[in-house]
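Data first, discussion second: the structure below is written as structure tokens.
The values are calculated or read from the model by the stated rules, or taken from the named source; none is laboratory data. These numbers were taken from a predicted model, which means no experiment stands behind them. Every residue, glycine as well, gets a Cβ built from its backbone with ideal geometry; the counts of neighbours run over all protein chains shown. These accessible areas exclude ligands, DNA and RNA; they are computed on the full protein's heavy atoms, side chains included. Shrake-Rupley method; radii C 1.70, N 1.55, O 1.52, S 1.80 Å.
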Amino acid sequence: MTRTEQKERTRRVLLATARRLFAARGYAGVGLAELVRESGVTKGALYHHFTGKTDLFRAVLEEVQREVAGRVAEAAEAEDDPWAQLKAGCAAFVAAGADAEVQRIMLIDGPAVLGWNDWRAIDEATSVRHLTDALTVLVADGTLPAQPVAPLARLLSGAMNEAALWLAQSAPADLADTQAALSRLLDALRASPAPPES
């Protein structure tokens, strides 16, 4: 194994271990010494890759955000119609957010550990960007009424994040009800068809 491969392997081990521990006990419940011990690396190796526990957490959060964005994109791309793509992507986001690991890292600890502004910047670069792109297409093709997309994207993003946090405290069966409510909410945003000319 080359030195570069060894460095990458160490980084992957640190990320995987940190992700498992942060998901299980939260950021505050995990110490740096435990991260090093569980990873089987030295403290120096950790500091070679990350400036500290917060930097390691940021890398884990970014990884989780990318995975969720990938799930959303995959669900959307399985549909042919832009409207169906939006609905499938939003449903996939809520489903991903119902996962305990995603909730803990992305929605609970993310804003608390990094601060609202840094967390929002990461969210903007993944989830909100994809949502904004989808809404822009739907406004342009008339599926949604002409309107500024930025506030609509943030309203929908906030609603979906809140739904995911609520699902963390509710019964597993509530996911289907939440997705159905989201579908109705999205359908209510559609442009009404023009009345027939008389």
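For segment 66-78, enumerate the residues that are open to solvent by 50 Å² or more (accessible area, probe 1.4 Å) and under 14 Å from His130 (Cβ atoms).
Scanning segment 66-78 gives Arg66, Glu67, Arg71, Glu74, Glu77.
Residues of segment 125-142 being closer than 15 Å to Ala188 by Cα and either surrounded by fewer than 13 Cβ atoms within 10 Å (Cβ to Cβ) or at pLDDT below 95 (or both), which ones?
Gly142
What about Thr10, is it open to solvent by 80 Å² or more (accessible area, probe 1.4 Å), free of Cβ contacts under 8 Å to residues at least 40 places away in the same chain and not small (Gly, Ala, Ser)?
Criteria not met by Thr10.
Take the residues in segment 97-115 that are closer than 30 Å to Val139 by Cα and modelled with pLDDT under 90; name whichever of them is farthest from the chain's Cα centre (by Cα).
Among those that are closer than 30 Å to Val139 by Cα and modelled with pLDDT under 90, it is Ala98.
Just to be sure, is Glu34 under 22 Å from Gln65 (Cβ atoms) and either surrounded by 19 or more Cβ atoms within 10 Å (Cβ to Cβ) or without any contact (Cβ under 8 Å) to a residue 24 or more places away in the chain (or both)?
no
Could you list, ordered by first residue, the pairs with Cβ atoms under 8 Å in which the first is in segment 56-76 and part of a helix (DSSP H, G or I) and the second is of a type in the set (Asp, Glu) and open to solvent by 30 Å² or more (accessible area, probe 1.4 Å), at least 6 apart or interchain?
Between residues of segment 56-76 that are part of a helix (DSSP H, G or I) and residues that are of a type in the set (Asp, Glu) and open to solvent by 30 Å² or more (accessible area, probe 1.4 Å), the close pairs are Arg58/Asp118; Val64/Glu101.
Output the number of the condition that Thr51 fails; it satisfies all remaining conditions of (1) assigned to a helix (DSSP H, G or I); (2) β-branched (Val, Ile, Thr); (3) open to solvent by 40 Å² or more (accessible area, probe 1.4 Å).
For Thr51, the exception is condition (1).
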